[in-house]
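For reference, the structure discussed in these notes is given below.
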Amino acid sequence: MEEKRYLTFALTKGRLADKTLALLEKVGITCEEMKDKSSRKLIFVNEELKLKFFLAKGPDVPTYVEYGAADIGVTGKDILLEEGRRVYEVLDLGFGKCRMCVCGPKEARELLKHHEMIRVASKYPVIAKDYFYDKKHQTVDIIKLNGSVELGPIVGLSDVIVDIVETGGTLKENGLEVLEEICPISARMIVNPVSMQMESERIRKILKSLREITEGEGKEKGL
Ligand code: PRP
């Protein structure tokens, strides 16, 4: 029989990877090597199942998958919207849930209503642009930041921010609030379009068993 080739998974470093590995384990996909947190290895192999796994920064996951360096990836919907890579989004994994929102001090609510020219700070300039230009038809000045975006309105860099809100704790502690909701976010599984064809049977089998689990969990939560 022809030797199977490795299927490679690109996972998002951190909490998302831990949750993804826990989910994969439920469908029999395990990687013992990856559980050793002290390891500095970048790539992990399950020889028996012919699978490889590596951890990457979230925004790089769709890049690896688009170029075929990974067949399958897991990252947040926020990153997929921002990066706009040519990948198939095949499954909502149901964790890593949060919301993409326009946030700011409550006084900024008026600025949004009257379509004024405002400054918007964000780690997500593409999402901010799509929302303000294409959806709201409001011309704004978008300022790209790389983190701690809540500082924008506090130090007077911007009027509002576009950012993810999970518990709302960061906003509350900094005197800011959600002004408008853009879209819900959660972890998604993505597949390289060529891999989807070439390794159709193996990938579809994995997706089918993952879907059964995620749909089952969704029903349990009454979703
Ligand atoms: C994210 C996001 C918010 C915060 C929201 O930041 O950008 O700042 O989490 O979570 P909360 O609603 O539960 O408070 P992250 O921790 O990724 O850091 P960063 O903004 O510096 O990238």
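The values are calculated or read from the model by the stated rules, or taken from the named source; none is laboratory data. Being a predicted model, the structure only gives us computed values, none of them experimental. Every residue, glycine among them, receives a Cβ derived from its backbone with ideal geometry; neighbour counts consider all protein chains shown.
Assorted remarks:
- Scanning region 148-179 for residues that are exposed (fewer than 14 other Cβ atoms within 10 Å of the Cβ) and either more than 10 Å from the ligand (Cβ to nearest atom) or of a type in the set (Asp, Glu) (or both) gives Val155, Gly156, Glu166, Glu173, Gly175.
- The listed residues are Leu24, Leu42, Leu51, Leu55, and the only one of them that is surrounded by fewer than 16 Cβ atoms within 10 Å (Cβ to Cβ), in the same structural domain as Pro193 (by TED's automatic domain parsing) and among the aliphatic types (A, V, I, L, M) turns out to be Leu42.
A quick yes/no check of all residues on (1) more than 30 Å from Ala70 (Cβ to Cβ); (2) touching a helix residue (DSSP H, G or I) at 6+ places or on another chain (Cβ under 8 Å):
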position	(1), (2)
Val140	yes, yes
Ile154	yes, no
Glu166	no, no
Ile213	no, yes
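- Residues that are of a type in the set (Lys, Arg) number at least 2 in the following helices (runs of 4 or more DSSP H) confined to region 1-101: 15-26.
- Criterion: assigned by TED's automatic domain parsing to the domain that holds Leu21 and surrounded by fewer than 19 Cβ atoms within 10 Å (Cβ to Cβ) - qualifying residue of Glu82, Glu116, Glu66, Glu110: Glu66
- If the condition is being exposed (fewer than 13 other Cβ atoms within 10 Å of the Cβ) and either acidic (Asp, Glu) or in contact with a helix residue (DSSP H, G or I) (Cβ under 7 Å, 6 or more places away or on another chain) (or both), then region 1-17 contributes Glu2, Glu3.
- Residue among Ser122, Ser186 that is within 17 Å of Glu83 (Cβ to Cβ), touching a Leu at 6+ places or on another chain (Cβ under 7 Å) and free of Cβ contacts under 8 Å to residues at least 60 places away in the same chain: Ser122
- Counting only helices (runs of 4 or more DSSP H) that sit completely within region 143-223, those holding 2 or more residues that are of a type in the set (Gly, Ala, Ser) correspond to 200-220.
- Residues considered: Ile206, Ile182, Ile190. Of these, the only one that is among the β-branched types (Val, Ile, Thr), under 22 Å from Pro62 (Cα atoms) and out of contact with any Lys or Arg (no Cβ under 9 Å at 6 or more places or on another chain) is Ile206.
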